[in-house]
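J.: Dropping a structure here in structure tokens format, bear with me for questions.
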């Protein structure tokens, strides 16, 4: 059976997301969510000022999935756990969007290749370890969560990418990663 292709979920640099956020920062929602931090976070409310563009995935202050895609991600990876984050406008909550996002938690997958060149804690190029991906533990996975010192990495396989793209996501770019 042929190994599938993998794609990095990245923020579309042309899309501005949330402005003037209050209680929606790295103090309350760290960039990287591990099991301990996830357990300490409750379903919550956060506030924003100004306008909001409802991107389907937020990458700052942490990785969050919009409500319209949450069931898709849950279907693609049943081991994902979620906590809700409801956003309200500070000035006038009745006349502005009140989007619901989901904070996902997925155990880290150790599938990154040792060949990755890391600069200031981030990979110059994501490379996955072919032997590990072919192992029984990862072979049928459709979503992987990996971590480098300064990079939270969410990957989806080709099947998951096709499912996601059929929903015409806003604010997301898929970048093919190497497998060696």
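J.: With the cut-off at 1.5 for a/c, could you classify segment 108-178 from its C-alpha gyration tensor as rounded, prolate or oblate?
T.: It is oblate, given that a/c is not under 1.5 and a/b is not larger than b/c.
J.: Let a ≥ b ≥ c be the square roots of the eigenvalues of the Cα gyration tensor of segment 22-77; is it rounded (a/c under 1.5), or, if not, prolate (a/b larger than b/c) or oblate?
T.: oblate
J.: What ranking do 159-165, 132-138 get when scored by the average of other Cβ atoms within 10 Å per residue, highest first?
T.: Values: 159-165: 16.3, 132-138: 13.3.
Highest mean packing first, the order is 159-165, 132-138.
J.: Moving on. Measure nothing but the geometry: give the 0 to 90° angle between the long axis through the Cα atoms of 67-76 and the longest principal axis through the Cα atoms of the chain, rounded to 10°.
T.: Once rounded, one gets 20 degrees.
J.: Another question about this same structure. Could you work out which residue, out of 118, 126, 143, moves most in a Gaussian network model of the chain, that is, has the largest mean-square fluctuation with Cα springs under 10 Å?
T.: 118
J.: Related question: How large is the helix-only mean residue ellipticity at 222 nm for the chain, computed as the sum of -39500 (n - 2.57) over DSSP H runs with n ≥ 4, divided by its residue count, in deg cm²/dmol to the nearest 500? Can you show the working numbers first?
T.: Working: 4 runs with 28 residues, N = 180.
Helix contribution divided over all residues of the chain: -4000 deg cm²/dmol.
J.: By the gyration tensor of its Cα atoms, with a ≥ b ≥ c the square roots of the eigenvalues, what is the shape of segment 47-120: rounded for a/c under 1.5, prolate for a/b over b/c, or oblate? Provide the component values of the computation, followed by the final result.
T.: Values: a/c = 3.32, a/b = 1.76, b/c = 1.88.
Because a/c hits 1.5 or more and a/b fails to exceed b/c, segment 47-120 counts as oblate.
J.: Taking 8 Å as the Cα distance limit and 6 or more residues as the minimum spacing, I'd like the relative contact order of the chain as a percentage.
T.: Value for the chain: 30 percent.
J.: Let me ask another. When DSSP assigns beta bridges and you keep just the ones with both residues in segment 70-178, what percent turn out antiparallel, to the nearest 5?
T.: For segment 70-178, the DSSP antiparallel bridge percentage is about 95.
J.: At a Förster distance of 35 Å, what's the computed FRET efficiency of residue 178 paired with residue 90, Cβ-Cβ distance as r, to 0.05?
T.: Numbers: r = 43 Å, r/R0 = 1.24.
About 0.20, to the nearest 0.05.
J.: Please state the relative contact order of segment 48-110 as a whole percent: Cα pairs under 8 Å, 6+ residues apart?
T.: 37
J.: Antiparallel as a % of all DSSP beta bridges within segment 1-143, to the nearest 5?
T.: Beta bridges within segment 1-143, antiparallel portion: roughly 75 percent.
Where a number appears in this text, it was derived from the coordinates with a stated rule and is not lab data. Quick caveat, the model's predicted, so the values are computed rather than measured. With ideal geometry, Cβ positions are generated from the backbone for all residues, glycine too; neighbour counts draw on all protein chains shown.
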